[in-house]
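First the structure, in the form of structure tokens, and then the observations on it.
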Amino acid sequence: MEAPVDERITDEIEALQAILMNDVVVKKVGNVPNIIETVVHPSTGDDVDQQYVCVTLEVMLTPEYPDSSPQVTLRNPRGLSEELLTTIHSQIRNKLKDCLGQPVIFELIELIREYLTQKNLPSGQCVICLYGFTNGDVFIKTQCYHHFHNHCLASHLIADKKNYQEEFDKLPNWKQMEEPPYQQTCPVCRCKMSFDVETLKKAPPPVESTTAAPFILTTDLKALQIGFSKLLAYQASRGGVIGIGDNEPPPLTLTSSSDNDNASSNGLASTSQERRADPAAPAAAPATADGHAPPTNYRGLYRGFRRNTTGRRGRAAR
Ligand SMILES: [Zn+2]
Ligand SMILES: [Zn+2]
């Protein structure tokens, strides 16, 4: 026999489904609603392209709900700072207290939406140029909710395609036939994307890049470099940096010194030379037993990722 469900809950869920339709997921245990999940976006009318942030709201109902507060979780935040998430969390706690005894889910959605609408500008940096997003910047949101300045994404995609073509040209004919065609991917999560580079290219460079002070290599930065080179040595000694499986080229690869000497301008390291030993350099030192990087400066294959000339350094070099 099925347990009777509190009418307040069935009414609330009916209302949510009527308003949000396919955008709300109701998970049940038997016939009892247990988890209600929806992705909250900022209000931008019907203009989905202008939504730069989002978060998944998960509400787990307690058996006594709405006479006791549900358990609320925010998952997969996109473009939101830790600070804003903390604020939203504390506002949610207040709302739960105020609404004890009555349905609260729609109130929660509205509360979160209000914050997202206020802060509908991605936090953090463009991973290509490492500058932030400010008013006046022309930037783009991918389908995977990652953000880049149009200008930077154009440079990245041009370099990426050039790199693909260079690698492709090195392959013997029979291998070229098997090679999948070039596909744009997100530099953060590698989701497939499809942008018109010519349109992206028309955007101005990031606002902060035009106002930033010239780059200076400080002792702090040098220490950071040493720290990262140790980390890289550790990763290399464990078999590589980051790969995406056996059938596709690893998007982050190691370069040799000769590689760098030949470097023209753009592009990541050649995949065919990945992990090929530089005869002039000693092999990467093995990690110590406690799993930490060896306490020496890494002098192996890696000489730094190449970058294009439109980023921060590009400006400093001018
Ligand atoms: Zn950028
Ligand atoms: Zn992405």
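Among the residues of the range 189-232, how many are farther than 18 Å from Phe139 by Cβ, touching a residue at least 24 places away in the same chain (Cβ under 8 Å) and either more than 16 Å from ligand 2 (Cβ to nearest atom) or open to solvent by less than 60 Å² (accessible area, probe 1.4 Å) (or both)?
So the answer is 7.
Among the residues of the range 58-67, is any of a type in the set (A, V, I, L, M) and without any contact (Cβ under 8 Å) to a residue 40 or more places away in the chain?
yes
Can you tell me how many residues in the range 116-133 are touching a helix residue (DSSP H, G or I) at 6+ places or on another chain (Cβ under 6 Å) and more than 11 Å from ligand 1 (Cβ to nearest atom)?
The total comes to 1.
Counting just the residues of the range 189-201 that are assigned to a loop (DSSP other than H, G, I, E, B) and more than 16 Å from ligand 1 (Cβ to nearest atom), which one comes out nearest to the chain's Cα centre (by Cα)?
Filtering first and then ranking leaves Cys189.
In the range 28-69, how many are open to solvent by 40 Å² or more (accessible area, probe 1.4 Å), part of a strand (DSSP E or B) and within 30 Å of Phe139 (Cβ to Cβ)?
Final tally of qualifying residues: 2.
Of all residues in the range 143-159 being part of a helix (DSSP H, G or I), open to solvent by 30 Å² or more (accessible area, probe 1.4 Å) and of a type outside the set (A, V, I, L, M, F, W, C), which is farthest from ligand 2 (Cβ to nearest atom)?
His151
Quick check on my filter: what residues within the range 70-102 are in a strand (DSSP E or B) and under 19 Å from the mean Cα position of the chain (by Cα)?
Leu74, Arg75, Asn76, Pro77, Arg78, listed by residue number.
Considering the range 111-141 alone, what residues qualify as being under 18 Å from Lys202 (Cα atoms), of a type in the set (S, T, N, Q) and within 16 Å of ligand 2 (Cβ to nearest atom)?
none
For Glu64, only one of the following conditions fails: (1) modelled with pLDDT under 90; (2) out of contact with any strand residue (DSSP E or B) (no Cβ under 7 Å at 6 or more places or on another chain). What is its number?
Of everything listed in (1) modelled with pLDDT under 90; (2) out of contact with any strand residue (DSSP E or B) (no Cβ under 7 Å at 6 or more places or on another chain), Glu64 misses just condition (1).
Collect the residues in the range 160-188 that are assigned to a loop (DSSP other than H, G, I, E, B) and either away from ligand 1 (no atom under 16 Å from the Cβ) or open to solvent by 30 Å² or more (accessible area, probe 1.4 Å) (or both), keeping them in residue-number order.
Passing the criteria: Leu171, Pro172, Glu179, Pro180, Pro181, Tyr182, Gln183, Gln184, Pro187, Val188.
Looking at the range 81-106 only, could you name the residues that are under 30 Å from Ile140 (Cα atoms), open to solvent by 80 Å² or more (accessible area, probe 1.4 Å) and at pLDDT below 95?
If the condition is that a residue be under 30 Å from Ile140 (Cα atoms), open to solvent by 80 Å² or more (accessible area, probe 1.4 Å) and at pLDDT below 95, then Glu82, Glu83 are the ones that fit.
The values are calculated or read from the model by the stated rules, or taken from the named source; none is laboratory data. Because the structure is a prediction, the values reported are computed rather than measured. As a convention, Cβ positions derive from the backbone with ideal geometry for all residues, glycine included, and neighbour counts pool all protein chains shown. Side chains are part of the model used for accessible areas, which takes the heavy atoms of the whole protein and leaves out ligands, DNA and RNA. Shrake-Rupley method; radii C 1.70, N 1.55, O 1.52, S 1.80 Å.
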